[in-house]
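The values are calculated or read from the model by the stated rules, or taken from the named source; none is laboratory data. The model shown is predicted, which means the values in this text are computed figures rather than measured ones. Please note: Cβ atoms are built from the backbone with ideal geometry, for glycine as well, and neighbour counts cover all protein chains shown.
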C-alpha cells in the first residue's frame, strides 16, 4: 500500500513545490531594470510613434524588440510626474499637484521619503543595487546632502535644478553643475547629458552578479534649447530641438550598447518613457498633421506620451499594446517584476506585468488619469499649499475621455477613437455607450478625496539664498500669506 501511494505523494509534493516557487519571471531573480524618463518629449518626436521630423533608430529598436504602448498617461508637468513615479500615487494623494521647483523656490519644501513612499527603497532593501543619474529638482542638496540615499539610491550623479543664490547651478548642459556621490561641482568643458550617461555606463561596466535598478531621468530635451556635441552648428530653435531629440536617442543607444557588451541585455528589463509632452513652443508632425507640444495641458499631446518596454527573450517583441496604463503603474509593476513587496498600502498603481509577459492583452484598469497643469501652488505661513481644493483632471478609457473641473463637475466628454482632436463634446449625448462611460467616470471621481492633499514634508529651515515670500509664478497675485481658492 505504501509503495503504491509513494509515487502519488511525490507527484503532489512536486506540484506543491512548483506552485510555491514561481518561475524567475515572477520572482525577478537575476533581472536588472533600466528606467529611462526623458524630459519634455511627446510622441510626435519618436519615429516609431510616427514622427516625420526626426529619426530615433535606437528607441525604435527598443520598440521592435519589445512592446510599445499607445494608451499611456503621465502627469502634464515635471514635479507631479516625478513624485508620482516614485510613490505610485496620484498627485491628489501625495500632494505634489502642482509643479514646485524646490531648490529655486524653497519654502522649506522637499520630497520627504519619511512621509512619502519611494519604491527604490523597497528594491534596495530586497538586494538590488540602485543608481540614478540626471535631473532631480525635488530636493535642495545644500540642505539635504543625503536626499538621494534617503530616497533609496546607493549611487547618484544629479543635476538638482537651479539653486536660488547659486547662478552656476542653473547649468544642465554646457559646463553643468552636478551633485555626484555627496559633492557638488561644476564640470567645465563637459556636456551634462554625457556626464550622466557616462556615469551609468561606468556602473554597467563594473556590474557584478548583484541585480541592479538604474534610473535615468534625462535633462534632455527640456529648454534652454542648445546645440549638441553631435550637431554643434544647430542655430535655430527647431534645429536645436531636433538635435536634442537625436542626442536623446544616441544616449539610449549608448546604454543599450553597454548592456550588450556586458552580456546584460537579455537580463535587463528596459522601460522608456517621458515625464510629459513637448514644450508648447515646438511643433512636430505625425501622418502629415502638425502636432503642437502640450506640456502643462491635459490634452492628449500633454499627457499621452511614449511608453516602451523591452527585454529580448522575456517581453514579446514587436507588440503594439492598447492596454490602459498610467504613471502610477510603473513602480507597482517594477516591484512586481522583481518579486519585491511594494511597501505602500496607499498606492494607486496597478501591475501590468501580465501584459508585459504576453499573458494578457489588457490591464485590470477601467480608466487612467492625469491631473493638474500650471503652477497653481503658493507659499503661505502653513508652507507650500495648492491653490485649489480640487485640481482639474481628466480620465479616459480606450474610447472616451472626460474633463473634470475644479468644481468636481464634468466639463467635456469626447470619443477619442473617433475624435482624436477632441472637438465634439458628448456630455449631453443620450447614447447608451456614452452613458456607461459617463457613469464609470462619475463613480471614479466620487471615490476620490474631496480635497487634494498638500505636499507632505517636515519643513526645512529657510536659508539666506531663498526669497521670502517665494513667488515662482505671476498667478500668485494675492501675496504671502494666502488662502487657497475654494
Original post:
Among the residues of the range 398-408, is there at least one that is free of Cβ contacts under 8 Å to residues at least 60 places away in the same chain, closer than 30 Å to residue 101 by Cα and out of contact with any strand residue (DSSP E or B) (no Cβ under 9 Å at 6 or more places or on another chain)?
Top reply: yes
Original post:
Got a sec? Which of 140, 181, 175 is over 27 Å from residue 232 (Cβ atoms), in the same structural domain as residue 260 (by TED's automatic domain parsing) and surrounded by fewer than 17 Cβ atoms within 10 Å (Cβ to Cβ)?
Top reply: 181
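Is it true that residue 234 is part of a loop (DSSP other than H, G, I, E, B), in contact (Cβ under 8 Å) with a residue 12 or more places away in the chain and in contact with a helix residue (DSSP H, G or I) (Cβ under 7 Å, 6 or more places away or on another chain)? So that I can check it myself, show each step before the final result.
Working: part of a loop (DSSP other than H, G, I, E, B): yes; in contact (Cβ under 8 Å) with a residue 12 or more places away in the chain: no; in contact with a helix residue (DSSP H, G or I) (Cβ under 7 Å, 6 or more places away or on another chain): yes.
No.
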**OP:** Please list, ordered by first then second residue, the pairs with beta carbon atoms under 6 Å, 6 or more apart or interchain, first in the range 255-268 and over 13 Å from residue 211 (Cβ atoms), second at pLDDT 95 or above and surrounded by fewer than 17 Cβ atoms within 10 Å (Cβ to Cβ).
**Re:** 266/312
**OP:** Answer yes or no: is there a residue in the range 204-220 that is assigned to a loop (DSSP other than H, G, I, E, B), on the phi > 0 side of the Ramachandran plot and free of Cβ contacts under 8 Å to residues at least 60 places away in the same chain.
**Re:** no
Original post:
When only residues in the range 124-139 that are in contact with a strand residue (DSSP E or B) (Cβ under 6 Å, 6 or more places away or on another chain) and not in a loop (DSSP other than H, G, I, E, B) count, which is farthest from residue 252 (Cα to Cα)?
Top reply: 124
**OP:** Search the range 168-194 for residues that are without any contact (Cβ under 8 Å) to a residue 60 or more places away in the chain and on the phi > 0 side of the Ramachandran plot and pair each with any residue that is assigned to a strand (DSSP E or B) and crowded, with 17+ Cβ neighbours inside 10 Å when their beta-carbon atoms are under 7 Å apart and the residues are at least 6 apart or on different chains.
**Re:** 181/155; 181/156
Original post:
If you go through the range 81-123 one residue at a time, how many are outside any loop (DSSP other than H, G, I, E, B), in contact with a helix residue (DSSP H, G or I) (Cβ under 6 Å, 6 or more places away or on another chain) and over 26 Å from residue 32 (Cα atoms)?
Top reply: 2
Original post:
Among the residues of the range 411-453, which ones are under 25 Å from the mean Cα position of the chain (by Cα), modelled with pLDDT of 95 or more and outside any helix (DSSP H, G or I)?
Top reply: 416, 422, 447, 448, 449, 451, 452, 453
Original post:
Out of (1) farther than 17 Å from residue 156 by Cα; (2) buried (at least 24 other Cβ atoms within 10 Å of the Cβ), the odd one out for residue 111 is which?
Top reply: (1)
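With the range 361-404 as the region, which strands (runs of 3 or more DSSP E) entirely inside it contain at least 1 residues that are modelled with pLDDT of 95 or more?
Ranges flagged: 368-371, 393-396, 400-404.
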Subject >> Residue under evaluation residue 157, criteria (1) outside any strand (DSSP E or B); (2) in contact with a strand residue (DSSP E or B) (Cβ under 6 Å, 6 or more places away or on another chain), criterion not met >> reply: (1)
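Mind checking which residues of the range 162-174 are outside any helix (DSSP H, G or I) and in contact with a strand residue (DSSP E or B) (Cβ under 7 Å, 6 or more places away or on another chain)? It would help to see each step written out before you state the result.
Quick first cut of the range 162-174, residues outside any helix (DSSP H, G or I) only: 162-166, 171-174.
Listed by number, the residues that qualify are 171, 172, 173, 174.
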